[in-house]
Amino acid sequence: MAIAGAIIGAAGGGWVNDAYGRKKATLLADIIFAIGSVVMCAAPDPYVLIFGRLLVGLGIGIASVTAPVYIAEASPSEIRGGLVGINVLMITGGQFLSYLVNLAFTEVPGTWRWMLGVAALPAIIQFFLMLFLPESPRWLYLKNEKPQAVAVLAKIYGSDRLEEEIDLLAVASEEAFHSKNNVRYLDVFKSKEMRLAFLAGAGLQAFQQFTGINTVMYYSPTIVQMAGFTSNQLALLLSLIIAGMNAAGTIVGIFLIDRCGRRRLTLGSLCGVIISLLILSGAFFLQSSELNSSLCEVQTLHGTCGKSLGWIAVLGLALYIAFFSPGMGPVPWAVNSEIYPEAYRGVCGGMSATVNWVSNLIVSQTFLSVVTIVGTGGTFLIIAGVAMVAFIFVALFVPETKGLSFEEVERLWKERAWGGEDARRGLLI
């Protein structure tokens with residue numbers, strides 16, 4: 001239900017962003033999330049608990065659209081990718097901390113209520129801190145609140161660059177005004193350049209989920225137990241380590257995204273993901289094969305039956321996180337925050353985030369069922385195949401946007417849509 005709420009929140013969050021601004025959208029997400037956490041904590045029955053999960057999901061969905069766009073619009077182009085990546089770091093770091101917080105609450109009476117209720121604290125803290133932050137300068141300029149927009153830009157850029165940024169913003173806002181005053185969802189599919197941009201953005205979001213990341217995060221204790229580690233404590237400990245690696249890998253991604261570029265980082269990430277998934281698949285296939293049965297007969301005297309393969313599976317899991325988190329973790333959010341024109345940014349960001357959450361729901365609800373049908377090894381082999389398709393997709397449809405201003409990215413899509421020497425050059429970047 002939390003994911004279902006996130007789908008609804010992301011779908012409506014784009015409109016909220018464009019109509020009321022990034023700041024108010026963030027404040028709304030905080031309020032909804034805090035209320036949902038309190039409802040869950042105080043739930044007298046399962047139905048109220050589920051309703052609380054739905055509310056929390058709504059807040060998550062709105063925030064997932066708003067945070068990357070707000071950060072990108074307030075960031076200089078040369079460090080934009082890294083700053084948007086910090087948002088992903090806060091998510092992966094939050095996942096790691098949630099393991100520790102929940103572990104601490106296992107010794108407290110009313111365990112699950114504390115676990116769910118304490119989630120309101122970050123939302124409340126962010127609400128009050130957000131009151132001191134300005135609105136996005138680009139949204140202000142688009143809404144004809146130019147003095148406020150210039151005042152915000154003056155806090156970000158020095159005097160030598162301020163005039164240039166204001167001129168670029170004026171051109172972008174003029175184009176947005178003439179193109180659409182009130183963008184609707186279907187308008188995204190009416191122009192070729194917008195279709196290409198949305199294909200790239202939504203495709204990255206879908207492949208982020210279908211290459212298995214949340215399957216690994218949701219079910220890492222189960223996967224570790226499937227690998228032969230039957231102790232619940234050991235499974236949870238290894239899962240905690242994997243969550244920590246996910247956060248650490250995101251830090252590496254923040255460092256690389258504005259140096260290597262989005263496209264190259266994603267392609268390298270996917271290469272490692274494919275290799276890791278093949279290792280995972282091979283370990284599980286060997287564990288269930290007749291070969292492993294014969295090996296077990298030899299190893300039984302030493303008490304090592306299946307353990308070596310179990311450790312290979314855990315190694316594959318760790319390698320998967322190490323390769324996924326720097327590239328396929330932050331890049332889809334960074335790219336989606338910068339590839340859409342001003343007038344379309346909220347709507348397209350909401351639509352692509354909805355694709356992410358729908359894909360998340362499909363993967364999380366089908367993983368264990370697919371494992372039952374084709375086995376764990378077969379499941380990871382399928383995900384490896386999806387990762388190969390993702391590699392081809394990125395190579396063909398995702399251009400490099402490192403260091404480009406929003407206006408340069410917009411021209412890139414027009415050149416790609418309507419041809420020209422610059423379009424061919426953009427494909428090769």
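The values are calculated or read from the model by the stated rules, or taken from the named source; none is laboratory data. All figures in this text were calculated on a predicted structure; none of them were measured in a lab. With ideal geometry, Cβ positions are generated from the backbone for all residues, glycine too; neighbour counts draw on all protein chains shown. Only protein heavy atoms, including side chains, enter the accessible area calculation; ligands, DNA and RNA are left aside. Shrake-Rupley method; radii C 1.70, N 1.55, O 1.52, S 1.80 Å.
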Open item on the list: Once each part is reduced to its C-alpha centroid, what is the distance from the range 35-83 to the range 304-368 in angstrom?
Closed with: 17
TODO: Quick one: grab the alpha carbon gyration tensor of the range 21-120, order the square roots of its eigenvalues as a ≥ b ≥ c, and give me rounded if a/c is under 1.5, else prolate or oblate depending on whether a/b is larger than b/c.
DONE: oblate
TODO: Order the peptides 34-47, 98-111, 130-143 from the highest to the lowest mean number of other Cβ atoms within 10 Å of their residues.
DONE: 130-143, 34-47, 98-111
Open item on the list: For Ser269, what accessible surface area do you get with a 1.4 Å probe? Give it in Å², rounded to 10.
Closed with: 10
Task: Backbone HN-Hα couplings from phi across the range 104-117 [Karplus 6.51/-1.76/1.60, Hz, Gly and Pro as x] - done: 5, 6, 5, 9, 10, x, x, 3, 5, 5, 5, 4, 7, x
TODO: For Arg184 and Ala170, calculate 0.36 nm times their separation in residues minus their Cα-Cα distance, and state this gained length in nm to one decimal.
DONE: 2.8 nm
Open item on the list: Just want the answer: with Cβ charges of +1 for Lys and Arg and -1 for Asp and Glu, which residue in Gly94, Val152, Thr111 is farthest toward the dipole's positive end in the range 87-180?
Closed with: Thr111
Task: the chain, helix-only ellipticity at 222 nm - DSSP H runs n ≥ 4, -39,500 (n - 2.57), divided by all residues, nearest 500 - done: -27000 deg cm²/dmol
- [ ] Working with all protein chains in place, sort Leu240, Leu169, Leu319 by solvent-accessible area computed with a 1.4 Å probe, largest first.
- [x] Leu319, Leu240, Leu169
Task: Extension gain from Gln95 to Glu107, taking 0.36 nm per residue of separation minus the Cα-Cα distance - done: 2.3 nm
- [ ] Taking the dipole about the Cα centre of the chain, with the C-beta of Lys and Arg at +1 and of Asp and Glu at -1, give me whichever of Leu315, Ile166, Leu28 is farthest to the positive side.
- [x] Leu315
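Can you tell me the alpha carbon radius of gyration of the chain divided by the globular rule-of-thumb value 2.2 N^0.38 Å? Show your work: numbers first, answer last.
Details: Rg = 22.9 Å, N = 429, 2.2 N^0.38 = 22.0 Å.
This ratio for the chain stands at 1.04.
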Task: Cα-centred dipole magnitude for the chain, charges only on beta-carbon of K, R (+1) and D, E (-1), debye, nearest 20 - done: 400
